[in-house]
1. Just for region 30-49: of the residues that are assigned to a loop (DSSP other than H, G, I, E, B) and modelled with pLDDT under 95, which one is surrounded by the fewest Cβ atoms within 10 Å (Cβ to Cβ)?
2. Which residues, taken from region 6-22, are in contact (Cβ under 8 Å) with a residue 24 or more places away in the chain and not polar (S, T, N, Q)?
3. How about region 12-29: which of its residues are among the charged types (D, E, K, R) and surrounded by 14 or more Cβ atoms within 10 Å (Cβ to Cβ)?
4. Please specify each residue of region 87-136 satisfying the condition of being within 26 Å of LEU160 (Cβ to Cβ) and among the acidic types (Asp, Glu).
5. Within region 10-55, can you find the residues that are away from the ligand (no atom under 16 Å from the Cβ) and within 23 Å of LYS88 (Cβ to Cβ)?
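The values are calculated or read from the model by the stated rules, or taken from the named source; none is laboratory data. Nothing here was measured: the structure is a model prediction, and the numbers come from that model. Every residue, glycine among them, receives a Cβ derived from its backbone with ideal geometry; neighbour counts consider all protein chains shown.
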Amino acid sequence: MAICKYCGEDTDNMNHQLISIMPLISDSGEMTYEEIWECIVTKEKYKGKLSKQASEESKKSYKTRLTLYIAILRLILNKEDPEALKDKGISYLELGNFKLAIADFKQAKNFNPNDDELDLLLGKAYEQDGKSDLADEAFLTAVRKGNKEAKNILENKERLKSQSEQ
Ligand SMILES: [Zn+2]
């Protein structure tokens, strides 16, 4: 563990988060990147790293944020990259930003309309955003494309509904 020079606490705790990555590309084509972190308590930014001793929660948050920023970089190169849009949407879903996740999944569907996983993910994002009808619609679209997980989710929802009506 390392001590934050701004707030005096462990930099591995959830008050310290990766907020951006800065790619460094040399003329010979080598690419590295620097991680920019923020001490949420003091709003100070610093070049950071997560240590191996960090909690599972911190590691998960770190991985989600890293995936998000790499997806954003990929979209700078090709803003119609459906896989990058999907990764970005999944990251937002994990970070609890459902509206941004919905926007990404919808956009990815424009470029890859046959991907049933996008309909499944869209359904999950709508569900978490409290839009159950739109979620059902998306799950149904996924089922029509052969997605089994969406089928299970819809069946479970039906079961819970009929139980609560009894
Ligand atoms: Zn701090």
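1. GLU30
2. TYR6, CYS7, GLU9, ASP12, MET14, HIS16, LEU18, ILE19, ILE21
3. ASP12
4. GLU94, ASP116, GLU117, ASP119, GLU127, ASP129, ASP133, ASP136
5. Listed by number, the residues that qualify are SER20, ILE21, MET22, PRO23, LEU24, ILE25, MET31, THR32, TYR33, GLU34.
Rundown of residues vs (1) surrounded by 19 or more Cβ atoms within 10 Å (Cβ to Cβ); (2) under 19 Å from LEU154 (Cβ atoms); (3) of a type outside the set (Ser, Thr, Tyr); (4) without any contact (Cβ under 8 Å) to a residue 60 or more places away in the chain, yes/no style:
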residue: GLU94; (1), (2), (3), (4): no, no, yes, yes
residue: ALA103; (1), (2), (3), (4): no, no, yes, yes
residue: ASN114; (1), (2), (3), (4): no, no, yes, yes
residue: GLY123; (1), (2), (3), (4): yes, yes, yes, yes
residue: TYR126; (1), (2), (3), (4): yes, yes, no, yes
residue: LEU134; (1), (2), (3), (4): no, yes, yes, yes
residue: GLU137; (1), (2), (3), (4): no, yes, yes, yes
